[in-house]
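The values are calculated or read from the model by the stated rules, or taken from the named source; none is laboratory data. These figures come from a predicted structure and were not determined experimentally. When we count neighbours, we look across all protein chains shown, and the Cβ atoms used for this are built from the backbone with ideal geometry, even at glycine. SASA here: full protein model, heavy atoms, side chains in, ligands and nucleic acids out. Shrake-Rupley method; radii C 1.70, N 1.55, O 1.52, S 1.80 Å.
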Protein chains: 2
Amino acid sequence: MPATWLEDLPEDSPFGPDNLPYGCFTTDDAPTSPRVGIRIGDRVLDAAACARAVGDPHVELLDHPTLNPLLAAGPAAWRAVRAAVTTWVTDPGLRPVVQPCLVPLDRVRLHLPFEVADYVDFYSSEHHATNVGRMFRPDSDPLPANWKHLPIGYHGRAGTVVVSGTPVVRPMGQRRAPGSAGPSYGACLRLDFEAEVGFVVGTPTALGERVPLSALAEHVFGVCLVNDWSARDIQSWEYVPLGPFLGKSFATSVSPWIVPLDALQAARTAPPARDVELLPYLDDSGEQPWGLDLRLTVSLNGHPISRPRFADMYYTPAQQLTHMTVNGARLRTGDLFASGTVSGPDREQRGSMLELSWSGREPLVLPDGTERAFLEDGDELTVTAWAPGPGSSRIGFGEVTGRVLPARD
Amino acid sequence: MPATWLEDLPEDSPFGPDNLPYGCFTTDDAPTSPRVGIRIGDRVLDAAACARAVGDPHVELLDHPTLNPLLAAGPAAWRAVRAAVTTWVTDPGLRPVVQPCLVPLDRVRLHLPFEVADYVDFYSSEHHATNVGRMFRPDSDPLPANWKHLPIGYHGRAGTVVVSGTPVVRPMGQRRAPGSAGPSYGACLRLDFEAEVGFVVGTPTALGERVPLSALAEHVFGVCLVNDWSARDIQSWEYVPLGPFLGKSFATSVSPWIVPLDALQAARTAPPARDVELLPYLDDSGEQPWGLDLRLTVSLNGHPISRPRFADMYYTPAQQLTHMTVNGARLRTGDLFASGTVSGPDREQRGSMLELSWSGREPLVLPDGTERAFLEDGDELTVTAWAPGPGSSRIGFGEVTGRVLPARD
């Protein structure tokens, strides 16, 4: 990694100068004025203040309460800003002007880093889709007929995307008890998480434009972690025939740091072999594919319960973006698309309680001796991840975390 | 209706002083500066210019390129602005200052009148859902088990909501021919419309808040017409298990005039009798219900092909709003929710080509002798509507129209 003048930054920090993720923060002295920050080690660089101090012209992209103006500026600007920031934290000559712009991480509050335009959620883990199919539709093929031909996805609620740390109130709603003729109304009884990876769109497209597989990096600015909170009982009663609605729309949490796609070059990897030939627009066999070697850890109340690997995903984010726009649907700055639950082939790689407890039939036993089929009030669910960086470095994603609060009558 | 000083406004105009719908327009002399306009007869009142000329303090809510600031201001402000506008067009003493703010309708260009936050589409016509069920799932009950217990809905793509008049390019995508093992790629072969009614949310809610049935008018600013363009072949291949995605996301057209909910008091009517008891949170039997007597006309290339009645909808917009927020999902200013296809019990009341041609098996014959199973390139599809106003007056909705352009290779 490039040498930095920050003396207390450990060599193996997942937030070294190879990463430099973007977020938005406030400090106690200006609690209502979010600013763009760049994480390095356990500090946050006030990006606009630093650009101004250094005399960098990109200050106009950075001096905003969200990342949206930077996102909209496109890949040439993203690269230029990243190069500038790298210089700021590595050029010892700049230290006197840059150092005053660093704020300790424990003195900032982190906010939703971008205004979400449309939110799309995919369903691209073969292991997850197979597990769900086995549980929900035991009498048919676990994978629907379309699954190996396209990345299945649906639109979620952009207005309830919240930043990590936001408490999640257990939703009320309709659900039908097994064996019951009709539904009843009450608090969700099968509250779940889904560990996912999210992709943040910067460069928009015009209505009618299609994005080819090769253009992911022209449109996607960066990557975050996503917890797609799910009310399984509400979802299973409502989802035929138009898909999940209230079972998902109460909250979707995202990690506060957006890792630039450029920081993930060393993490690129081949996706799993596809056993069904894809139509040409989705066929990435002639491309350098966009599989990504991200290692996720899911913890419940601080205890790791799963370690899914993003490299196991059947469809890549490039395929998802291409599919999402093949009908001419336009992209907007701030669009977020998530991978779908990341589950691996092994039991300890499952990315949801539904799978970990096999629909509640095999509850998890936590170190405190309690059992969990689904999430209980007070539970705190956290997803972290890292990816290989250049050399032996690691690229950290931080965490997406949230605590379950009781339902409100 | 209150008497207006506009001399050339016909007594029976559907855009008389009982209506006063809001939109956003530009004129040739300022083509890049949309302004809020209020339609009266065949004129558009430049709202901010008029407020300024009259010395009305609401100018700050009106002097914007979209309706969003007015939407966000809430029902007391909506009523105050409506009362002020009514005075402007009825008080002869104001004529000298108001008249210069009127622009002929044929000299304006109309724009999307609000920034769409989340877009939700319901499925609340029993006749439509039954027809679709019979065609798509002939071996099971036409209505899913949940249908009479909740208004089924899903999130659509907010970024492709376009204003009436925007051409619609036939989408490309995956579809599977009947009898085929796998999908092929190409232009949609079963392009359809869906005639719907849309509700525009003004007042937001906090995360966790539920909106009761009685509070529709506290949150919904007004009503428009919606054409939920649908690619039936793409949709039927993709929609299991997570619902419609690319089959709907290429375009959704809305009419340019938002009719204030306050203009529809005389159109309120009882919804059809429900034959399954609703859970208390959806039971509107103790309320003045929000069924609405809107009469729609669907025309294909100028020829009326259907006359659905919104009064036939099984669920009201109040029930849809209550259901959409029962899980604590927050509302944002600019949220749009649509009713779902409006179809009646009779053949000539069906709100989609899918139903009118019975999935293509009974093509429509147009006056020019051509047949239509689905929409062809060059076809222009228009939905208009009116509702009863006070006395014998009519409240017009104008139209949502769009022409189909050929697919782009």
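Overview of results
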read-out	value
Mean separation of Cα contacts under 8 Å, 6 or more apart, over the residue count of segment B:22-111: relative contact order %	37 percent
Size of charge dipole - segment A:119-405 - debye, nearest 20, with Cβ of Lys, Arg +1 and Asp, Glu -1, no other charges	380 debye
B from A by rotation - nearest chain A beta carbon to the axis, in Å	A:Gly243, 1
Alpha-carbon centroid distance for the pair segment B:212-279 / segment A:218-235, whole angstrom	25 Å
Per-copy distances of the B:Asp346 label point, shortest first, in nm (7 angstrom along Cα→Cβ)	6.7
Residue of B:Asp233, B:Asp377, B:Asp28 that the Gaussian network model of chain B assigns the largest fluctuation, springs spanning Cα pairs under 10 Å	B:Asp28
Simple Cβ-charge dipole of segment A:110-178, Lys/Arg +1 and Asp/Glu -1, about Cα centre, in debye nearest 20	340 debye
Teacher prompt: A:His64 distances to equivalent labels in other copies, 7 Å Cα→Cβ, nm	1.9
Simple Cβ-charge dipole of segment A:341-406, Lys/Arg +1 and Asp/Glu -1, about Cα centre, in debye nearest 20	280 debye
Of B:Tyr154, B:Ala267, A:Pro57, farthest towards positive along the dipole that unit charges on Lys, Arg, Asp, Glu beta carbons give the protein assembly as shown	B:Tyr154
Computed label-point distance, nm, for sites B:Glu209 and B:Ser299 using a 7 Å Cα→Cβ extension	4.2 nm
Where no second cysteine Cβ lies under 4.7 Å, the cysteines concerned in chain B	B:Cys24, B:Cys188, B:Cys224
Most mobile listed residue (B:Leu242, B:Leu105, B:Leu366) in chain B, GNM with C-alpha springs under 10 Å	B:Leu242
Top of A:Thr252, A:Thr32, A:Thr297 by mean-square fluctuation, Gaussian network on chain A, Cα under 10 Å	A:Thr32
Average accessible surface area per residue within segment A:140-297, 1.4 Å rolling probe, Å²	29 Å²
Relative contact order of chain B, defined on C-alpha pairs under 8 angstrom at six or more residues apart (%)	21 percent
For segment B:131-151 and segment A:1-72, distance of Cα centres in Å	53 Å
Label point distance in nm, B:Asp91-B:Glu115, each placed 7 Å from Cα along Cα→Cβ	3.3 nm
For B:Arg309, solvent-accessible area (1.4 Å; no DNA, RNA or ligand), Å²	100 Å²
Accessible area buried at the A-B interface, both sides summed, 1.4 Å probe (Å², nearest 100)	5500 Å²
Protein accessible area in the protein assembly as shown, 1.4 Å probe - carbon and sulfur %	50 percent
Listed residues B:Thr90, B:Cys24, B:Thr66: farthest to the positive end of the dipole of segment B:22-111 (Cβ charges)	B:Thr90
Per-copy distances of the A:Val97 label point, shortest first, in nm (7 angstrom along Cα→Cβ)	5.4
Environment charge at B:Asp118 (Cβ cut-off 12 Å; Lys +1, Arg +1, Asp -1, Glu -1)	0
Selection from B:Val365, B:Ala251, B:Leu216 lying farthest towards where the dipole of segment B:119-405 points positive, charges on Cβ	B:Ala251
